[in-house]
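Notes follow once the structure below has been shown.
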Amino acid sequence: MIRSVSVKNAVNDALEIFQFDQWLRFYFVKEKNGELWIEIPEEVLAELKVKFGPLHSYADMVNNAITDYKRSQENVCSFVAARLDGQKYEATVLPQVFDNATFKIEMYMFNVWLKMHEAILDEEYQGFESWTEMYEGWNSMEEVRTYRAKLVKSGMDPQIPACDTTQ
């Protein structure tokens, strides 16, 4: 099996997984007995299996489980490592992803978008496909492209938490 050495593609794949996790936690976290649980309805799981095959296995993995920030980060990192590191990409690629300026800036920009649109996203359920379309539309705005370019030019490090792939 030939594995990719493209850091750019690995960045995009990792970003999608992180964004998918955010989407799941946004819509499917329920409080039970003072703890937060991810509870994804069966019809949503079935739709994810059809539309987003590999991401469905992530949803299945975290469904009906307690969640918090630390667990979420561990789950995402484990999934990225299992699905991408050494499987789709050479083992040397993923450690470069989490230190990559593009990855950090894109995660930062996604979090900015999420905070800015939280009220709209909260009004009614949006599928993951809708989320990504909305995010891409926002990303295409001139002001957003200008802001991103300033971040890139400044070398700003948004200090986005990363996965430790050396464990």
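The values are calculated or read from the model by the stated rules, or taken from the named source; none is laboratory data. Remember, it's a predicted structure, so these values are computed and weren't measured experimentally. Reconstructed Cβ throughout: ideal geometry from the backbone, glycine too, with neighbour counts over all protein chains shown. Ligands, DNA and RNA are stripped out before the accessible areas are found, and what is left, the full protein with its side chains, is counted by its heavy atoms. Shrake-Rupley method; radii C 1.70, N 1.55, O 1.52, S 1.80 Å.
From E43, E39, grab the single residue that is modelled with pLDDT of 95 or more and open to solvent by 90 Å² or more (accessible area, probe 1.4 Å).
Details: E39 fails: open to solvent by 90 Å² or more (accessible area, probe 1.4 Å).
Selected residue: E43, the only one of E43, E39 that is modelled with pLDDT of 95 or more and open to solvent by 90 Å² or more (accessible area, probe 1.4 Å).
Take V112 and tell me if it is among the β-branched types (V, I, T), assigned to a helix (DSSP H, G or I), buried (at least 19 other Cβ atoms within 10 Å of the Cβ) and within 16 Å of the chain's Cα centre (by Cα). The answer is no for V112.
Any idea which of V112, V93 is within 30 Å of K153 (Cβ to Cβ) and either touching a Ser or Thr at 6+ places or on another chain (Cβ under 8 Å) or in contact (Cβ under 8 Å) with a residue 24 or more places away in the chain (or both)?
Working: V112 fails: either touching a Ser or Thr at 6+ places or on another chain (Cβ under 8 Å) or in contact (Cβ under 8 Å) with a residue 24 or more places away in the chain (or both).
None of the others qualify; the one that does is V93.
Taken together, the residues in the stretch 39-65 that are more than 19 Å from V80 (Cα to Cα) and in contact with a strand residue (DSSP E or B) (Cβ under 9 Å, 6 or more places away or on another chain) amount to 2.
Residue by residue, here is whether (1) assigned to a helix (DSSP H, G or I); (2) within 15 Å of the chain's Cα centre (by Cα) holds:
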| site | (1), (2) |
| --- | --- |
| A10 | yes, yes |
| D13 | yes, yes |
| E16 | yes, yes |
| Q19 | yes, yes |
| I40 | no, no |
| V44 | yes, no |
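Return yes or no: is M134 in a helix (DSSP H, G or I), open to solvent by 40 Å² or more (accessible area, probe 1.4 Å) and either under 17 Å from F20 (Cβ atoms) or among the aliphatic types (A, V, I, L, M) (or both)? Answer is yes for this residue.
Which members of the stretch 134-149 meet the condition of being farther than 22 Å from E124 by Cα and among the acidic types (D, E)?
First pass over the stretch 134-149, keeping only residues farther than 22 Å from E124 by Cα: 140-149.
Of everything in the stretch 134-149, those that are farther than 22 Å from E124 by Cα and among the acidic types (D, E) turn out to be E142, E143.
Conditions (1) at negative phi; (2) buried (at least 16 other Cβ atoms within 10 Å of the Cβ), marked per residue:
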residue: K8; (1), (2): yes, no
residue: D21; (1), (2): yes, yes
residue: V29; (1), (2): yes, no
residue: N33; (1), (2): no, no
residue: G53; (1), (2): yes, no
residue: D60; (1), (2): yes, no
residue: I66; (1), (2): yes, no
residue: K70; (1), (2): yes, no
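The residues of the stretch 54-90 that are aliphatic (A, V, I, L, M), under 17 Å from E16 (Cα atoms) and without any contact (Cβ under 8 Å) to a residue 60 or more places away in the chain, listed by number, are A59, M61, V62, A82. Among the conditions (1) in a loop (DSSP other than H, G, I, E, B); (2) open to solvent by 40 Å² or more (accessible area, probe 1.4 Å); (3) at pLDDT below 90, the only one that V152 does not satisfy is (1).
Within the stretch 73-97, the residues that satisfy the criterion of being on the phi < 0 side of the Ramachandran plot, surrounded by fewer than 18 Cβ atoms within 10 Å (Cβ to Cβ) and either outside any helix (DSSP H, G or I) or touching a strand residue (DSSP E or B) at 6+ places or on another chain (Cβ under 8 Å) (or both) are Q87, K88, E90, A91, T92.
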